[in-house]
Structures are given as C-alpha cells and as structure tokens.
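First up is the structure itself, then whatever we jot down about it.
Taken together, the values in this text are just the output of simple stated rules run on the coordinates, not laboratory data. As the structure is a prediction and not an experimental result, all values here were calculated from the model. Cβ coordinates were reconstructed from backbone atoms using ideal geometry, including for glycine residues, and neighbour counts include every protein chain displayed.
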C-alpha cells in the first residue's frame, strides 16, 4: 500500500476517535458454516432491542444473504448501492421484526478494499450516521477462514465466536483464531472474544466445549477467551429457521430463548467504556487498512 494511502487511513481513524461515537459494534463469527451463527445474530439483536437498545445487523457474508433468508425479507438495496449508486444509509436499511434493522452486504463487503480515496471518504461519511442511529451494530460475518472474516474479527472490538459439539467446529474455531493471531494488526490486549456454544445437550456439555478451546488457545495462542453462554439443541430452533421466524418470537419462553436472554443480560452488564464503543465507521476503516496491510 502506498504511504499516502496509509497516512490517509490513519488520519481518518484519528478524526473518528475524536467524535466519541455512541454505537457498540459486535462481530458474530464461526470457524465453519452451519453452526447457527446467523440465527444467533438475529436473536441477539431482537433481545437487545427488547431491552431498549436500538439494533441493526450488517450481513457481511456477501453472496449468501443469510439474514434476509432467516427473516424472510428481501431488501430493496444493499451496501453496494451505498457505495456505487448514491443511496443513503437510511435507504439501504431494511426494517425487520420488533424494530431491528438490517443491511445486506451484497457485493459491497468484497469491494471495500478496492475503493479509491474519494469513494472511501463518501462511504465513511455515510456510515458515520449509523453510529448516531443505533446503540448496537451486529456484524454477521461469513463463516470459515476467509480473508474478510479474519479482517472483521481483527477490526471489531468485540467478537462472539459460535461453536458446536462437532469436532470440525471445534478444530475450525481454533484454526480461525490461529489465523487471526498471525496477522500484524491483531491486538490481543484490546480484543474481547467471547464463546457461545450452540446445539449442546446441556449446560455441562457447553462448558466442557468452551474449556477445551480455551485451554488450547490460552496455551498456544496466548489469546484470552471468555464464555458468554450456551444454547441447547432444540427442535424449536430448526423449526423457526424453516418458518423464517426467529425462535425468540416463535417460542419466547423456550429454553433457547431463555439462554439468549441470559447472554444479552451479560453483554449489557459489561461496562461499556468509551474505547469499546468504536463505532461502525472506524471498524470499516480498520477493515480496509487491515486488508491492505495483510494483503
């Protein structure tokens, strides 16, 4: 990356630091697909909204549109329209159930790194508006160890890692953290990574899976993990996916919904220091910077 481009990104980050954004950005990710990551993103958003927070989800898994499939809603515009077609942030936000918003990434996430200086400035000036509109911005990343997943994990101050009892889910989660750990821009001191165990038989199995990952990660990667909670295996969850109705709405008193509510209470109990409220514009700037440095 040319030095003037690097300086430009650095100046933008410094300018945004002075603006004290109000939004809290949380990336939800996984080492492999099919572990319920998007379902968890949507249900966390719904419960945080129920607790009085204004929440928007950014579907950053370009090409798959998981959030819109999960909600059964087809958005009119996506992030690419914001970048290339002159649409405003308000126009690309689709309204979901219970007042949550969501933004489809489309091809926009993949194209972020290729933006010229003028397009980058336009994008950031538009994205800043999200910080004043929402309390919490959830980034539903792609699954696996693609560059964009790794870069969103590095760029987001808070990360929720979804793991299931499948051996491949556990090993792929470790592989994702290992790949993140190798990157120059990864700062383990400021990063908060919390594990959610999904589709487990009971609380004990969930804690056991977390312990397995945490011990190995702490020993070999020197990354500190925290345990946010578990979601039990339940037919109601799979039925809710088929019906395109989030389990928190379909079965609000079921055990999965109860555990989602507990996790949201934990998230809101965490002291929200100003430095953890990075704002989405700074996250996108870090994403582009990280992509250029590591690419």
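Taking the range 71-87 and a reference point 7 angstrom along Cα→Cβ of residue 116, the backbone N atoms nearer than 14 Å belong to 84. Computed extension length for residue 166-residue 202: 11.5 nm, one decimal, from 0.36 nm per residue of separation with the Cα-Cα distance subtracted.
Here the range 23-294 has an Rg and Dmax of 17.4, 53 Å, counting Cα atoms alone.
Counting only the Cα atoms, the range 148-204 fills a convex hull of 88 Å³ per residue. The value for the range 37-159 of Rg(Cα) / (2.2 N^0.38 Å) is 1.00. Could you tell me the calculated FRET efficiency between residue 125 and residue 22, based on Cβ-Cβ distance and R0 = 22 angstrom, to the nearest 0.05? Given R0 = 22 Å and the Cβ-Cβ separation, E is 0.85. In this structure, residue 98 and residue 244 have a Cβ-Cβ separation that, at R0 = 22 Å, corresponds to a calculated FRET efficiency of about 0.90.
Of all DSSP bridge pairs formed entirely within the range 23-294, close to 5 percent run antiparallel. Each of 162, 283 has some number of other Cβ atoms within 10 Å of its Cβ, and from fewest to most they run 283, 162. In plain terms, the chain from residue 255 to residue 188 could stretch by 20.8 nm, reckoned as 0.36 nm per residue minus the Cα-Cα distance.
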